[in-house]
Amino acid sequence: NLPDAYLAAVSEYSRILKTGGTLFVSLPYGRYMNHGWFQVFDSLMVDRLIEVFSPSALHECHFRYEPEGWKMSSREQSKDATCFDASNRKSYDNDFAAFSRAIVCLEMVK
(Lines give C-alpha, C1' and ligand atoms only; values in the text may rest on other atoms or scores of the structure.)
Protein backbone atom coordinates (compact mmCIF):
# COMPACT_ATOMS: atom_id res chain seq x y z
CA ASN A 1 0.00 0.00 0.00
CA LEU A 2 3.03 2.33 -0.01
CA PRO A 3 3.33 3.60 -3.59
CA ASP A 4 7.04 4.49 -3.31
CA ALA A 5 8.17 1.37 -1.40
CA TYR A 6 9.64 -0.08 -4.61
CA LEU A 7 12.30 2.66 -4.52
CA ALA A 8 13.65 1.40 -1.18
CA ALA A 9 13.80 -2.14 -2.57
CA VAL A 10 15.67 -1.01 -5.71
CA SER A 11 18.05 1.05 -3.59
CA GLU A 12 18.83 -2.04 -1.51
CA TYR A 13 19.43 -4.14 -4.64
CA SER A 14 21.83 -1.46 -5.85
CA ARG A 15 23.63 -1.49 -2.49
CA ILE A 16 24.12 -5.26 -2.29
CA LEU A 17 24.85 -5.96 -5.96
CA LYS A 18 28.54 -6.07 -6.77
CA THR A 19 29.98 -3.71 -9.39
CA GLY A 20 29.32 -5.22 -12.81
CA GLY A 21 26.42 -7.27 -11.45
CA THR A 22 23.09 -7.29 -13.29
CA LEU A 23 19.60 -6.76 -11.92
CA PHE A 24 16.69 -8.05 -14.04
CA VAL A 25 13.28 -6.53 -13.29
CA SER A 26 9.92 -7.14 -14.97
CA LEU A 27 6.89 -5.09 -14.02
CA PRO A 28 3.27 -4.60 -15.05
CA TYR A 29 3.30 -1.43 -17.16
CA GLY A 30 0.76 1.06 -18.46
CA ARG A 31 -1.77 3.38 -16.85
CA TYR A 32 -0.79 3.80 -13.18
CA MET A 33 -2.99 1.95 -10.74
CA ASN A 34 -2.40 0.96 -7.14
CA HIS A 35 -4.39 -2.20 -6.44
CA GLY A 36 -3.10 -2.38 -2.85
CA TRP A 37 -1.25 -5.65 -3.30
CA PHE A 38 0.39 -4.63 -6.60
CA GLN A 39 0.90 -1.53 -8.73
CA VAL A 40 0.86 -0.96 -12.46
CA PHE A 41 4.00 1.08 -13.23
CA ASP A 42 3.83 4.10 -15.50
CA SER A 43 6.66 5.85 -17.31
CA LEU A 44 7.49 8.17 -14.40
CA MET A 45 7.79 5.24 -11.99
CA VAL A 46 10.09 3.37 -14.38
CA ASP A 47 12.27 6.48 -14.71
CA ARG A 48 12.44 6.86 -10.92
CA LEU A 49 13.39 3.19 -10.52
CA ILE A 50 16.20 3.57 -13.08
CA GLU A 51 17.38 6.80 -11.44
CA VAL A 52 17.56 5.21 -7.98
CA PHE A 53 19.45 2.16 -9.25
CA SER A 54 21.73 4.40 -11.37
CA PRO A 55 22.90 1.70 -13.78
CA SER A 56 26.14 1.87 -15.72
CA ALA A 57 24.29 0.09 -18.54
CA LEU A 58 20.57 -0.31 -19.21
CA HIS A 59 18.45 -2.35 -21.61
CA GLU A 60 14.68 -1.71 -21.58
CA CYS A 61 12.09 -3.82 -23.45
CA HIS A 62 8.31 -3.49 -23.58
CA PHE A 63 5.72 -6.10 -24.49
CA ARG A 64 1.99 -5.67 -24.97
CA TYR A 65 -0.73 -8.30 -24.86
CA GLU A 66 -2.83 -8.39 -28.04
CA PRO A 67 -5.62 -10.80 -29.05
CA GLU A 68 -3.02 -12.70 -31.12
CA GLY A 69 -0.61 -12.96 -28.17
CA TRP A 70 2.36 -10.99 -26.81
CA LYS A 71 4.02 -8.47 -29.14
CA MET A 72 7.07 -6.21 -28.83
CA SER A 73 5.97 -2.72 -27.86
CA SER A 74 7.27 0.62 -26.57
CA ARG A 75 6.55 2.95 -23.67
CA GLU A 76 4.34 5.05 -25.89
CA GLN A 77 2.40 2.12 -27.35
CA SER A 78 1.82 0.59 -23.90
CA LYS A 79 1.18 3.72 -21.83
CA ASP A 80 -2.58 3.11 -21.47
CA ALA A 81 -2.43 -0.64 -20.80
CA THR A 82 -4.33 -2.01 -17.80
CA CYS A 83 -4.26 -5.11 -15.61
CA PHE A 84 -6.89 -7.71 -14.94
CA ASP A 85 -7.04 -8.12 -11.16
CA ALA A 86 -8.48 -11.59 -10.54
CA SER A 87 -8.81 -10.88 -6.81
CA ASN A 88 -11.45 -8.21 -7.55
CA ARG A 89 -13.17 -9.66 -10.62
CA LYS A 90 -15.32 -12.73 -11.14
CA SER A 91 -15.02 -13.00 -14.93
CA TYR A 92 -12.42 -12.23 -17.57
CA ASP A 93 -12.58 -9.37 -20.03
CA ASN A 94 -13.14 -10.06 -23.74
CA ASP A 95 -9.39 -10.47 -24.39
CA PHE A 96 -9.07 -13.08 -21.59
CA ALA A 97 -5.94 -11.37 -20.25
CA ALA A 98 -4.77 -13.32 -17.21
CA PHE A 99 -3.06 -10.30 -15.62
CA SER A 100 -1.12 -7.44 -17.17
CA ARG A 101 -1.76 -6.24 -20.71
CA ALA A 102 1.75 -4.74 -20.90
CA ILE A 103 5.06 -5.29 -19.14
CA VAL A 104 8.41 -3.56 -19.02
CA CYS A 105 11.58 -5.63 -18.66
CA LEU A 106 14.71 -3.92 -17.40
CA GLU A 107 18.27 -5.22 -17.45
CA MET A 108 20.40 -2.91 -15.31
CA VAL A 109 24.14 -3.31 -14.76
CA LYS A 110 25.65 -1.77 -11.66
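The values are calculated or read from the model by the stated rules, or taken from the named source; none is laboratory data. Since this is a predicted model, take the numbers as computed values, not measurements. Because the Cβ atoms are built from the backbone with ideal geometry, glycine has one as well, and the counts that use them run over all protein chains shown. With ligands, DNA and RNA removed, areas are computed over all heavy atoms of the protein, side chains included. Shrake-Rupley method; radii C 1.70, N 1.55, O 1.52, S 1.80 Å.
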Inset, instruction - For the chain, set up a Gaussian network in which alpha carbons nearer than 10 Å are linked by springs, and say which option among Ser56, Ser100, Ser26 fluctuates the most. - result: Ser56
Inset, instruction - Can you tell me the equivalent ellipsoid semi-axes for the chain? Use √(5λ) from the Cα gyration tensor, largest first, whole Å. - result: 27, 16, 11
Inset, instruction - Under a cut-off of 17 Å between alpha-carbon atoms, report the lysines in cross-link reach of Lys71, not counting same-chain residues fewer than 8 places apart. - result: Lys79
Legend entry - At most 13 other Cβ within 10 Å, DSSP loop - trypsin sites (Lys or Arg not before Pro), segment 1-39: Lys18
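Give the carbon-plus-sulfur fraction of the accessible surface of the chain in %, rounded to a whole number; probe 1.4 Å, heavy atoms of protein chains only. All intermediate terms of the calculation are to be shown ahead of the outcome.
Details: 3760 of 6820 Å².
Taking all protein chains in place, the chain shows 55 percent carbon and sulfur surface.
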Legend entry - Anchor Lys110: lysines whose Cα lies under 25 Å away (excluding residues fewer than 8 positions away in-chain): Lys18
Inset, instruction - Could you check the simple spin-label distance between Asp47 and Arg89, using points 7 Å along Cα→Cβ, in nm with one decimal? - result: 2.9 nm
Inset, instruction - Compare Pro67, Pro55, Pro28 in a GNM of the chain, Cα atoms joined below 10 Å, and give the one with the largest fluctuation. - result: Pro67
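What percent antiparallel are the DSSP beta bridges of segment 1-80, to the nearest 5? Write out the running numbers ahead of the final one.
On the way: 7 of 8 bridges.
Taking every DSSP beta bridge with both residues in segment 1-80, the antiparallel ones total about 90 percent.
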Inset, instruction - Only helical DSSP H runs with n ≥ 4 go in: add -39500 (n - 2.57) per run for the chain, normalise by residue count and round the 222 nm mean residue ellipticity to 500 deg cm²/dmol. - result: -7000 deg cm²/dmol
